[in-house]
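The values are calculated or read from the model by the stated rules, or taken from the named source; none is laboratory data. None of these values were measured; they are calculated from a predicted model. So basically every Cβ, Gly included, is an ideal-geometry build from the backbone, and we count neighbours across all protein chains shown.
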Amino acid sequence: MKIKSILIANRGEIAIRIIHTAKKMGIKTWAVMTAAEPNALYLSEADEVIDFTENTSEVPPFLDVERLVEAAVKHKIDAIHPGYGFLAESAYFAQSCENKDVIFIGPSSDAIYKMGNKTIARKIAIKNKISLLKGSTRPVTDAEIAMKEAEKIGYPVIIKAASGGGGKGMRIVRKPSDMEKNFRLATSEAEKAFNDSTVFIEKYAENPRHVEFQILGDKHGNVIHLGERECSIQRKHQKLLEEAPSPALDEKLREKMGNEAIAIAKAVNYSSTGTVEFLLDDAGNYYFMEMNTRIQVEHPVTEMITGIDLVEQQIRIAQNEKLSLRQEDIKLEGWAMEFRINAEDVQAGFAPNTGIIKRMVIPGGKNVRVDTGFVEGAVIPPDYDSMIAKLIVFGESRKKVITTGLRALGKIDIQGLKTTVPFFKAVLHNKAFVDGDFNTSFIETEMQSLFHQEKDEEMLAAFLSLMDYLKEVSDDSELSADKSSPWLFNKRMKSI
């Protein structure tokens, strides 16, 4: 069935991201209005808006499965796209769509369930001879059992929530005396975040890299990967900066890891975009960690180096098209980085700093893309995550991307609240990062300061902006999108 209309069960930049691709494909888009953001930018981008401002349920609008599916049925909408987040990895949501003959733009409920439950995913990985760290294959129900599992595995270990992700429900345990407290904290956090207190125990890898592979699978058994992303710049297991490809991989290692990513996807008949995540140590040993059964926040860096629109691929797969690409067609060209511009006070431990955006100037131009759901004057509400925008830069090499990234970050001017921009400047000035010699402990071990500010930064930004403007005028401008839109899409993107 060809999809003619989509309800986007999400908000912010990802809603706008989906809308732009849907419009390119001639698909009508529907968005959901909430009381928290009645004037949100994404609403003006959609063709139709469904009013959820009068919410009589205790369930937040973007978690209300029944209401979302009912809205799709009522308005005769063909499909629902969940974006990323909790509903995107909800087997119940996917099954509810399937039950009402609404197309869920994502994998099957069965695949979501199997990969979403990490203990089941581990069993599937073992069966298919996927590289794994030592760990429990069954849920661990109390601290005493956790202690016994840890003795078999060997300390340090990590307690992980069986459901969900994003660093929630995770605790590192280095000695037996710390187990009971950490087990209690992990299960409590897992229950609160995912309504599921189930956890398992795994060997803790000290200071590895976090490398993930983007995969595409259709409903006809075809699965390919689109290369890897480096996601090691993170705080408390939360990603902050991503790049593609990874500076740690060569072609041989990329092929080995990519083949295992494909194998785990095929084991659950996976169809849609998905991400297989690995830990990679200094010796080149890698271990399957989990699979995210959705599009990722950091998907733009893969789009930039492949030229493939991942949302378009999701939609085509959902309407039962075969992949038009084979593995040998995938060529990784250049380098890309993504910076998550969050409303956070870096000097206060990345504490949320929500409020009104009094001024917002964001860069555009050749090799720069910005995905955002906000404009000047908008409010960053406390109800949702604090991400203002994603700045994505592209270049022929990693060195050039770092240079472009510094220039772009220098031209961002957001006033009214604090952001993570100074943090990213500090990262890009760090020698270990520039050399590509870093891992998930980077912030703790390599950064003497989390904050960087140039002398006379405002004057420098103005000067760079003027120079860019003069250059663009002289070469007939290379701006990649309509200036009226804060959502800028690099010209390398193409329809497949």
Pairs please, first residue from region 151-164 and within 30 Å of SER90 (Cα to Cα) and not assigned by TED's automatic domain parsing to the domain that holds MET289, second anywhere and at pLDDT 90 or above and basic (Lys, Arg), Cβ atoms under 8 Å, 6+ apart in sequence or on different chains. VAL157/LYS203; ILE158/ARG171; ILE158/LYS203; ILE159/ARG171
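Anything in region 234-260 that is in a helix (DSSP H, G or I) and under 30 Å from PHE423 (Cβ atoms)? List them, or say none. Give the derivation first.
If we filter region 234-260 for residues that are in a helix (DSSP H, G or I), which is where we start, we get 251-260.
Correct list: LEU253, ARG254, MET257.
Every residue in region 285-329 that is part of a loop (DSSP other than H, G, I, E, B) and either within 21 Å of the chain's Cα centre (by Cα) or closer than 18 Å to CYS231 by Cα (or both), please.
In the first step, residues of region 285-329 are kept if they are part of a loop (DSSP other than H, G, I, E, B); the result is 285, 293-298, 307, 309, 319-326.
Listed by number, the residues that qualify are ASN285, THR293, ARG294, ILE295, GLN296, VAL297, GLU298, GLY307, ASP309.
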Can you say whether ILE130 is touching a residue at least 12 places away in the same chain (Cβ under 8 Å) and under 26 Å from LYS219 (Cβ atoms), as far as the supplied structure shows? yes
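Let's see how each residue does on (1) touching a residue at least 24 places away in the same chain (Cβ under 8 Å); (2) surrounded by fewer than 21 Cβ atoms within 10 Å (Cβ to Cβ); (3) under 22 Å from TYR287 (Cβ atoms); (4) of a type in the set (Lys, Arg):
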site: SER188; (1), (2), (3), (4): no, yes, no, no
site: GLU191; (1), (2), (3), (4): no, yes, no, no
site: VAL199; (1), (2), (3), (4): yes, no, yes, no
site: HIS210; (1), (2), (3), (4): yes, no, yes, no
site: PHE213; (1), (2), (3), (4): yes, no, yes, no
site: LEU216; (1), (2), (3), (4): yes, no, no, no
site: ASN222; (1), (2), (3), (4): yes, yes, no, no
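Name every residue in region 165-186 that is assigned to a loop (DSSP other than H, G, I, E, B) and either in contact with a strand residue (DSSP E or B) (Cβ under 7 Å, 6 or more places away or on another chain) or in contact (Cβ under 8 Å) with a residue 60 or more places away in the chain (or both), in order of residue number.
Step one: filter region 165-186 for residues assigned to a loop (DSSP other than H, G, I, E, B), giving 165-170, 174-175.
Result: GLY165, GLY166, GLY167, LYS168, GLY169, MET170.
Among the helices (runs of 4 or more DSSP H) contained in region 388-496, which hold 2 or more residues that are at pLDDT below 95, among the hydroxyl-bearing types (Ser, Thr, Tyr) and more than 24 Å from the chain's Cα centre (by Cα)?
Numbers: elements: 398-411, 421-428, 431-434, 442-446, 457-474.
Per the criteria, 457-474.
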Among the residues of region 382-416, count how many are farther than 22 Å from ASN367 by Cβ and surrounded by fewer than 20 Cβ atoms within 10 Å (Cβ to Cβ). 6
Could you list, in sequence order, all residues of region 10-35 that are buried (at least 18 other Cβ atoms within 10 Å of the Cβ) and farther than 14 Å from VAL311 by Cβ? ARG11, GLY12, TRP30, ALA31, VAL32, MET33, THR34
Is it fair to say ARG229 is more than 23 Å from GLU189 (Cβ to Cβ), among the basic types (Lys, Arg) and in a strand (DSSP E or B)? yes
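May I ask you to list the residues in region 98-135 that are of a type in the set (S, T, N, Q) and crowded, with 16+ Cβ neighbours inside 10 Å?
Here is the first cut: in region 98-135, the ones of a type in the set (S, T, N, Q) are 99, 108-109, 117, 119, 128, 131.
Across region 98-135, the qualifying residues are SER108, SER109, ASN117, THR119.
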